[in-house]
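No value in this document is a laboratory result; all are computed from the given coordinates. As the structure is a prediction and not an experimental result, all values here were calculated from the model. Methodologically, a virtual Cβ is constructed for each residue, glycine included, from the backbone with ideal geometry; neighbour enumeration extends over all protein chains shown.
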Amino acid sequence: MHIFPRQVLFFSAVVSIASIFVFSLTVVKYWKLKRSLHAYPSQLPMNPGHIHLKMVDTNRFQILGDNDEEDWNRLYPQGYGFAYLGESHEMFGVSMFHQFHCLQTIRQAIIDRDIYGHAQHCLTYLRNAILCSSDLTLEPQFEPGKVDGLGVTHQCRNWTAVYEWLDNNYAEHLAWNSTYATNSTNSQGGY
């Protein structure tokens with residue numbers, strides 16, 4: 001029978017206790033997060049209505065161009081597309097703007113020739129978003145076997161109403177934050 005030195009037993013006990021402590025904190029954090037998420041809606045609490053969008057090519061929003069950064073940055077409303085909900089102004093990202101962020105990230109990865117890291121997350125995220133929206137608009141061939149989607153009209157959610165709602169929400173959040181918030185960590189987020 002092999003007897004362990006006291007140091008090994010002490011170290012094992014400390015590691016075991018620390019592991020239990022970390023596990024307990026993780027479980028508590030998970031349950032708090034799960035409980036807080038049930039207190040909020042799963043979608044932005046507004047009905048934007050619908051509009052029609054005819055697909056056309058544009059010289060704006062290029063990978064590289066004269067006003068490329070300016071054009072891409074204008075996609076975001078005030079507050080960068082975050083919504084602040086509830087009495088404590090809990091911050092939530094709005095998927096539409098997370099998707100814009102991912103387009104920008106992939107665009108930058110093309111420019112930088114860096115296909116690793118966050119760009120991979122964004123590619124997966126956009127694939128999932130496309131699957132989720134499942135746009136069923138039919139796109140006719142422009143020549144046998146080829147479809148480009150140009151000239152085809154899609155029914156879309158009214159994104160202008162979404163921008164207006166988020167701008168108003170952000171203004172309300174700034175007013176609330178200047179009056180009630182004890183720290184500014186809830187004011188700015190990132191995707």
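A protection proxy built from the mean count of other Cβ atoms within 10 Å ranks the segments 58-67, 97-106, 117-126, 152-161, most packed first, as 97-106, 117-126, 152-161, 58-67. In this structure, the amide hydrogen of Gly189, modeled 1.01 Å from its nitrogen in the peptide plane, lies closer than 5 angstrom to no residue at least 5 positions away or on a different chain. Expressed in Å, the radius of gyration and Dmax of the Cα atoms of region 95-186 are 18.9, 63.
Per the Kirkwood formula applied to alpha carbons, region 54-116 shows a radius of gyration over Rh ratio, Rg over Rh, of 1.08.
Only alpha carbons enter this Debye calculation for region 34-143, each as an equal point scatterer, and the log10 of I(q)/I(0) it gives at q = 0.12, 0.17, 0.18 Å⁻¹ is -0.60, -1.13, -1.22.
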